[in-house]
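Visitor: One structure follows; several queries about it will come next.
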Amino acid sequence: MSPVSNIKTLKIDGKDFSARQDETILEVARQNKIFIPTLCDLRGLSTVGACRMCLVEIKGTAKLLPACVTRVEEGMEVTTTSERLDRYRKSILELLFTERNHICSVCVSNAHCELQSLAQRLQITHVHFPYRYPKAQVDGSHPRFVIDQNRCILCTRCVRVCEEIEGAHTWDVMGRGIDANVITDLNQPWGSSETCTGCGKCVHVCPTGALFEKGRSVAEMLKRRNFLPYLTLMREERD
Amino acid sequence: MTPEELEQIAEEERGTQAQFLHRVNVCLAAGCISCQSQSVKDAFDKEIANRGWQRKCQSKGVGCMGLCAEGPLVSTAQGALYQHVTAADAGEILDALDSEPVSRLVCRTDVPFFQRQKKIVLENSGLVDPERIEEYVGSSGYGALMRVLTEMTPPEVVQEVVKSGLRGRGGAGYPTGLKWSTVAKAAGQHKYIICNADEGDPGAFMDRSVLESDPHRVLEGMLIAAFAVGASEGYIYVRAEYPLAIKRLRTAIRQAERLGLLGSSICGTRFSFHVDLRLGAGAFVCGEETALIASVEGKRGTPRPRPPYPAQQGLFGEPTLINNVETYANIAPIIRHGGEWYSQIGTEKSKGTKVFALAGRVLNTGLVEVPMGISLRDIVFEIGGGIPEGRCFKAVQTGGPSGGCLPAEFLDMPVDYESLAKAGSIMGSGGMIVMDETSCMVDVAKYFMDFCMTESCGKCVPCRVGTYQMNELLARITERTATPPDLAMLEELCDLLRNTSLCGLGQSAPNPVMSTLRYFADEYKAHVEEKRCPAGVCGNQAEEAS
């Protein structure tokens, strides 16, 4: 294929941009400082298109498409913010807040939480769907880390980082629908896991306070993710 | 195996069949087996042996005859059809073979249920023994495959399917020819064929019947598809809840392999095709193509965003053709009679016939195959025989949990993909549930929402949490504790799920709610504002609970 055809030009929110054909709308938007909200996406991990926060409108397509997995096309006209998208994104965030027990004031990730900051950014002041208040488990059996299912939003970043970067595949998803949960090994206590290497990558990619280090109190759990793009880059170079 | 050898097998089979003076066909599909048709078959075998008629009368286990409501069904070569046959009736029926049929057991076949049907997919159902390949060959089975292999090129086969106008029978109605040509043109050394037999809609049993009654037809369709798109491996993904279908498929695959119709160098050509079964572990979402593919790969059965479509990147990342059972079952007749012939049946945009599983409050429950474009009224009242016990028709539900409920005003609407979609329902895979005034439409909507909630895979947020919230709201409405803002919230969630869910399950989960909100708004109003259930369904439930 000639190098010329590898470059596509597209419009995002009325402005013209150029992109490589293997880039997604989200990647192009980020390069150009256009904000598209995301939760399950994390640079360096595979994309799953599960949180539906990054849905955008594309001219000529009736369906809303997730920016994280949709590749750019020549002449594409993308709208990243509209009254409708805003409404849907808020509703999805609200649904996440109702799903489990997200109580920021007692959370280790208070003020460092992606769910919280996204809600603030989208100006969510209250939740109008009824809360579920489910009974959820906390597993503190690991010597260094804790998983609090109350705060999990099932973004599956932990599952992906463990499989794709660490290569351990300790995490996976069990159950379906509203009963789905992330689990370690075959739903064994994390502390007794034979596959877990204790690397802590899952803890640091977790967007909320669901995964945290022991000994952290309210608002003390800062997540460091710099390792991820670095590791990916080094691997790409090696390949 | 050459065409001549195949013809010889067919001749021999016809010769064997002709030796018998009489024949008794006993339905051995799941519906009739559940009312003891196996013991009826055994009784016939025993009685024939006792009389020493082994050379005179053949007793044969066959597939579904359609009228499941009146099973066990038995037919004879003279054309008599018997209903509600028990083992004790065997002798009497055999006695009557040379004279008038046993009048107390006769099921009339001059009624619309039989007369108004047009059988293409089900042409062999109830006539051939699904466990013997010779019978299928004897009724010109695998002839289409022979023709394709010896006379046609792959593009010609694709053209024939394009010409037929066949559309996917799994529900969405995507043009089959277009799908085939996309896979045929996709770049890749390795391509796969998948048959989707993960039929999960409540009340739907078309695919099960086809697999139980005529499994070779599906294999032949898959073989032709594999030849057309250039695939050499295939999988049939069938739900484990269909043990009989699985057993007969396994038998069919073994028989076809033995005859050299499946395997390497089929019929001496360079074309090879291997097919294997994969059993679904009971997840409805695995009927969605990308989830199904993940499941075949041995992964958790969750859908992924499309594009890329399976035609470009499917099973193990290779171009994959995935079609429904009924779609494959249409292929052999299309090749045999030509795409032109097929395209003359049905309506302008929906060609051919469609098999429906007629269930619910209708006299003749069972399996029917009708030309596209027939009216709902004809299906429900003519073929279905109307509503029992003199009750009134209220709604017909098509398309299962992804479809909608259509009220009486749509009875004269033609049944085709576009009309059903316009009315707020879908063709779906072919489940058709008839409801009378004893059904509460809010309760029906709740039933389907509960189904979607438990069957949601949990991957995307709108479907995982949205179906839960909608189910809770519907529960409050049926318990008559809901308020008008709850109704507004229900509508809001319908819109959200439809537009933001990842796969077809979540996107279509609101359909039963939206269609009932649209056509039976007064029932919702009665529950919410007047705190009563007009059909008396929800009231009874609450009283029982208290």
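The values are calculated or read from the model by the stated rules, or taken from the named source; none is laboratory data. Here the structure is a predicted model, which is why all the values come from computation and not from measurement. Note: ideal-geometry Cβ built from the backbone for every residue, glycine included; neighbour counts use all protein chains shown.
Visitor: What's the number of the only condition in (1) away from chain A (no Cβ under 14 Å); (2) among the basic types (Lys, Arg); (3) within 14 Å of B:Ala509 (Cβ to Cβ) that B:Lys422 fails to meet?
Guide: The failed condition is (3).
Visitor: Can I ask one more? Sort through B:Glu382, B:Glu418, B:Glu318 and tell me the only one that's touching a Gly at 6+ places or on another chain (Cβ under 6 Å) and among the acidic types (Asp, Glu).
Guide: None of the other options fit; the residue is B:Glu318.
Here is a yes/no grid of residues against (1) farther than 19 Å from B:Arg116 by Cα; (2) assigned to a loop (DSSP other than H, G, I, E, B); (3) acidic (Asp, Glu):
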| site | (1), (2), (3) |
| --- | --- |
| B:Gln312 | yes, yes, no |
| B:Phe316 | yes, no, no |
| B:Ile334 | yes, no, no |
| B:Lys349 | yes, yes, no |
| B:Lys354 | no, no, no |
| B:Glu382 | no, no, yes |
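Visitor: Go through the stretch A:178-190 residue by residue and tally those that are in contact with a strand residue (DSSP E or B) (Cβ under 8 Å, 6 or more places away or on another chain) and farther than 15 Å from B:Cys457 by Cβ.
Guide: 5
Visitor: Here is a further query. Give the number of residues within the stretch B:336-362 that are farther than 15 Å from B:Ala144 by Cα and more than 20 Å from the chain's Cα centre (by Cα).
Guide: Total meeting the criteria: 6.
Visitor: A further question follows. Within the stretch A:137-159, identify whether any single residue is within 18 Å of the chain's Cα centre (by Cα), more than 14 Å from chain B (Cβ to nearest Cβ) and under 15 Å from A:Leu45 (Cβ atoms), and answer yes or no.
Guide: Yes; the residues of the stretch A:137-159 include at least one that is within 18 Å of the chain's Cα centre (by Cα), more than 14 Å from chain B (Cβ to nearest Cβ) and under 15 Å from A:Leu45 (Cβ atoms).
Visitor: Does any residue of the stretch A:212-225 turn out to be closer than 30 Å to B:Ser456 by Cα and touching a helix residue (DSSP H, G or I) at 6+ places or on another chain (Cβ under 8 Å)?
Guide: Yes, the stretch A:212-225 contains a residue that is closer than 30 Å to B:Ser456 by Cα and touching a helix residue (DSSP H, G or I) at 6+ places or on another chain (Cβ under 8 Å).
Visitor: Of the residues A:Gly167, A:Gly175, A:Gly140, which single one is touching a strand residue (DSSP E or B) at 6+ places or on another chain (Cβ under 7 Å), among the small types (Gly, Ala, Ser) and without any contact (Cβ under 8 Å) to a residue 40 or more places away in the chain?
Guide: A:Gly175
Visitor: For B:Val513, state whether it is crowded, with 23+ Cβ neighbours inside 10 Å and either more than 29 Å from the chain's Cα centre (by Cα) or in the same structural domain as B:Asp198 (by TED's automatic domain parsing) (or both).
Guide: no
Visitor: Can you give me the ranges of the helices (runs of 4 or more DSSP H) entirely in the stretch B:433-546 with at least 2 residues that are farther than 30 Å from B:Gly385 by Cα and within 13 Å of chain A (Cβ to nearest Cβ)?
Guide: B:441-455, B:461-478, B:484-500, B:504-508
Visitor: Here is a list: B:Val238, B:Val229, B:Val296, B:Val285. Which entry is within 14 Å of chain A (Cβ to nearest Cβ), crowded, with 20+ Cβ neighbours inside 10 Å and within 26 Å of the chain's Cα centre (by Cα)?
Guide: The match here is B:Val285.
Visitor: Among the residues of the stretch A:81-129, write down those that are in contact (Cβ under 8 Å) with a residue 40 or more places away in the chain, within 11 Å of chain B (Cβ to nearest Cβ) and not in a helix (DSSP H, G or I).
Guide: A:Arg100 - this is the single residue of the stretch A:81-129 that is in contact (Cβ under 8 Å) with a residue 40 or more places away in the chain, within 11 Å of chain B (Cβ to nearest Cβ) and not in a helix (DSSP H, G or I).
Visitor: Quick check on the stretch B:312-335. Is at least one of its residues under 20 Å from the mean Cα position of the chain (by Cα) and either surrounded by fewer than 20 Cβ atoms within 10 Å (Cβ to Cβ) or within 14 Å of chain A (Cβ to nearest Cβ) (or both)?
Guide: no
Visitor: Could you check how many residues of the stretch B:381-410 are of a type outside the set (D, E, K, R), over 16 Å from B:Arg518 (Cα atoms) and touching a Lys or Arg at 6+ places or on another chain (Cβ under 9 Å)?
Guide: Residues meeting the conditions: 4.
Visitor: Need at least 2 residues that are more than 23 Å from the chain's Cα centre (by Cα) and either more than 14 Å from chain B (Cβ to nearest Cβ) or more than 24 Å from A:Cys155 (Cβ to Cβ) (or both) per element, so show me which strands (runs of 3 or more DSSP E) inside the stretch A:1-63 make the cut, counting only ones lying wholly within it.
Guide: By residue number, A:7-12, A:15-20.
Visitor: Let me spell it out: the conditions are (1) surrounded by 24 or more Cβ atoms within 10 Å (Cβ to Cβ); (2) in contact with a strand residue (DSSP E or B) (Cβ under 9 Å, 6 or more places away or on another chain), and B:Gly200 meets all of them except one. Which number is the exception?
Guide: (1)
Visitor: Run down A:Arg84, A:Arg89, A:Arg100 and say which single residue is closer than 30 Å to A:Gly198 by Cβ and out of contact with any Phe, Trp or Tyr (no Cβ under 8 Å at 6 or more places or on another chain).
Guide: A:Arg100
Visitor: May I pose another question? Which of the residues belonging to the stretch A:207-224 are under 18 Å from the mean Cα position of the chain (by Cα), more than 23 Å from A:Asn181 (Cα to Cα) and surrounded by 12 or more Cβ atoms within 10 Å (Cβ to Cβ)?
Guide: Result: A:Leu222, single match.
Visitor: Quick test for you: out of A:Pro66, A:Pro134, pick the one residue that is assigned by TED's automatic domain parsing to the domain that holds A:Leu26 and either in contact with a strand residue (DSSP E or B) (Cβ under 9 Å, 6 or more places away or on another chain) or within 21 Å of B:Gly466 (Cα to Cα) (or both).
Guide: Testing whether each residue is assigned by TED's automatic domain parsing to the domain that holds A:Leu26 and either in contact with a strand residue (DSSP E or B) (Cβ under 9 Å, 6 or more places away or on another chain) or within 21 Å of B:Gly466 (Cα to Cα) (or both) leaves just A:Pro66.
Visitor: I need a count of the residues in the stretch B:336-347 that are at negative phi, small (Gly, Ala, Ser) and not in a helix (DSSP H, G or I).
Guide: The number of residues fulfilling the criteria is 0.
Visitor: Checking the structure you have, find out if any residue of the stretch A:215-225 is closer than 25 Å to B:Tyr468 by Cβ and in contact (Cβ under 8 Å) with a residue 40 or more places away in the chain.
Guide: No - not one qualifying residue is present in the stretch A:215-225.
Visitor: I'm checking my understanding of the structure. Among residues of the stretch A:64-74 that are under 20 Å from A:Ala119 (Cβ atoms) and within 10 Å of another protein chain (Cβ to nearest Cβ), which one is surrounded by the most Cβ atoms within 10 Å (Cβ to Cβ)?
Guide: Top of the filtered list is A:Pro66.
Visitor: In this structure, does A:Val78 turn out to be in a helix (DSSP H, G or I), more than 11 Å from chain B (Cβ to nearest Cβ) and either surrounded by 22 or more Cβ atoms within 10 Å (Cβ to Cβ) or touching a Ser or Thr at 6+ places or on another chain (Cβ under 7 Å) (or both)?
Guide: no
Visitor: Whether any residue in the stretch B:387-396 is away from chain A (no Cβ under 14 Å), in a helix (DSSP H, G or I), in contact with a strand residue (DSSP E or B) (Cβ under 6 Å, 6 or more places away or on another chain) and not aliphatic (A, V, I, L, M) is what I want to check.
Guide: Within the stretch B:387-396, none of the residues are away from chain A (no Cβ under 14 Å), in a helix (DSSP H, G or I), in contact with a strand residue (DSSP E or B) (Cβ under 6 Å, 6 or more places away or on another chain) and not aliphatic (A, V, I, L, M).
Visitor: Exactly one of (1) under 30 Å from B:Pro308 (Cβ atoms); (2) in the same structural domain as A:Ser192 (by TED's automatic domain parsing); (3) touching a Cys at 6+ places or on another chain (Cβ under 8 Å) is unmet by A:Glu164. Its number?
Guide: Every listed condition holds for A:Glu164 apart from (3).
The rows are residues; the columns are (1) among the small types (Gly, Ala, Ser); (2) in contact with an Asp or Glu (Cβ under 9 Å, 6 or more places away or on another chain); (3) touching a residue at least 40 places away in the same chain (Cβ under 8 Å).
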{"position": "B:Ala184", "(1), (2), (3)": "yes, no, yes"}
{"position": "B:His190", "(1), (2), (3)": "no, yes, yes"}
{"position": "B:Glu199", "(1), (2), (3)": "no, yes, yes"}
{"position": "B:Ser209", "(1), (2), (3)": "yes, no, yes"}
{"position": "B:Ser213", "(1), (2), (3)": "yes, no, yes"}
{"position": "B:Arg217", "(1), (2), (3)": "no, yes, yes"}
{"position": "B:Glu220", "(1), (2), (3)": "no, no, yes"}
